[in-house]
Every structure is written in C-alpha cells, then in structure tokens.
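The values are calculated or read from the model by the stated rules, or taken from the named source; none is laboratory data. Here the structure is a predicted model, which means the values were calculated and not measured. In this analysis, Cβ positions are derived from the backbone assuming ideal geometry, glycine residues included, and neighbour counts consider all displayed protein chains. Calculation scope for accessible area: heavy atoms of the full protein, side chains included, ligands and nucleic acids excluded. Shrake-Rupley method; radii C 1.70, N 1.55, O 1.52, S 1.80 Å.
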Amino acid sequence: GANAATFTLDHAAATDAGNYTVDVINAAGTTTSAAAALAVAPASAMSRLTNLSIRSLAGVGAQTLTVGFALDGPAGASFERELLLRAIGPALAQFGVTDVLPDPKIALYAGPVKRFEADNWGDGAPTGAIDGISPRFGAWRMPVGSRDAVLSPANLARGAYSMQVTSAVPGQTGIALAEIYVL
C-alpha cells in the first residue's frame, strides 16, 4: 500500500517477511517488478560476540593492559545486556600459568573519565552474591577472596570504552588476563 519513491521497514519483524513487488505507473501504463523475498531472522538467531579475552604482561604506567570496546544500540539508550569485566592474575595459577600478576586492579573508562574501578574479587560482598555471577556469563569460577578484580557495571550508555588492568601494588608486574563477557 505504500506509494512513495522509497519504502523502509523500521524494526522489521517476522510478520513483515514475504515477497515484495513494486508497481511503476505512468501515462504509458503499469509495470510490476519481479518479487524480492524478505526473510527476517529472530533476534535470538543473530550472531554477536559474547566474550573477549586478552592475556598479556601487565603492571603500572607503560605496562597498563588496555582493551578498547564499543557498545552499540539505539541512540540515547543504555546498553541492554549485562557485562562482566574481569582482571585475572592469581587465579591463572590453577591453569599452570607462572609469573602471574599477584594483585590486579581493573578500571573502566568512557573517554578520559574513569567510570568504575575494582580490586580484590569479593571484598566486602557476601559469598553468595559473588559466587554465582561468573557461571551466569559462561565464565569459570574464581576462588572467593582472591586478589583478582571483577566489575559488572549496569546501565552503561552506548559508545566507546576502555578497560585498564594494572597492578594494585606499585612495581609489580606479571601475566594477566583481561576478560569482557556479555550476557
């Protein structure tokens, strides 16, 4: 039923699937185009990145491990999925990694502004509150009370961010794993 020079389906849904044709009408008559098929995949079938892990030497200053990422979505809206950011050092030892960063710290920046920071997994939180978060994201469990750092920021705006992994203790360096999970 549209009669403009262009036709746009904003937020196409499964009910919009089908064959579409165009009738071009002028004084000479009417011509109908060949049908163009439109298939709409359900949102759950869409591919997306759910985890990013980077293992590197980390410390302080020039040895800061920095990971940049962008959150996308509708303009002006918050990113709708939960995030889990982890800076892992001591817990890597259980996998045979040597020379780990003994006490990593994590910070989340939006441009030059530090939005969140964390040190020592589970400090001040009841065991039940932290024990279940990693499996929800498909991440392996870390020992309660470890010196690894975890953030799960909520209501982040869409845009560019950087996650920085440093040492909580000046002068310490070691192998660290920076992880970003999207639920």
Qualifying residues in region 1-45 (those that are part of a helix (DSSP H, G or I) and polar (S, T, N, Q)) - the one farthest from the chain's Cα centre (by Cα): 15
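Kindly establish whether residue 57 is of a type outside the set (Phe, Trp, Tyr), assigned to a strand (DSSP E or B), open to solvent by 40 Å² or more (accessible area, probe 1.4 Å) and at pLDDT below 90.
Values: of a type outside the set (Phe, Trp, Tyr): yes; assigned to a strand (DSSP E or B): yes; open to solvent by 40 Å² or more (accessible area, probe 1.4 Å): yes; at pLDDT below 90: no.
No, not satisfied.
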Any pair with Cβ under 9 angstrom, 6 or more apart, that starts in region 10-24 at a residue that is more than 13 Å from residue 38 (Cα to Cα) and ends at one that is modelled with pLDDT of 85 or more and not in a strand (DSSP E or B): 22/33; 23/33; 24/33
Number of the condition not met by residue 142 [criteria: (1) under 13 Å from the mean Cα position of the chain (by Cα); (2) over 17 Å from residue 65 (Cα atoms); (3) surrounded by 13 or more Cβ atoms within 10 Å (Cβ to Cβ)]: (1)
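Can you name every residue in region 67-79 that is aliphatic (A, V, I, L, M) and either surrounded by 20 or more Cβ atoms within 10 Å (Cβ to Cβ) or over 17 Å from residue 50 (Cα atoms) (or both)? Spell out the reasoning first.
Within region 67-79, the subset aliphatic (A, V, I, L, M) is 67, 70-71, 75, 77.
Hits for region 67-79 are 75, 77.
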Spans of strands (runs of 3 or more DSSP E) in region 80-183 with at least 2 residues under 18 Å from residue 49 (Cα atoms): 83-88, 159-167, 174-182
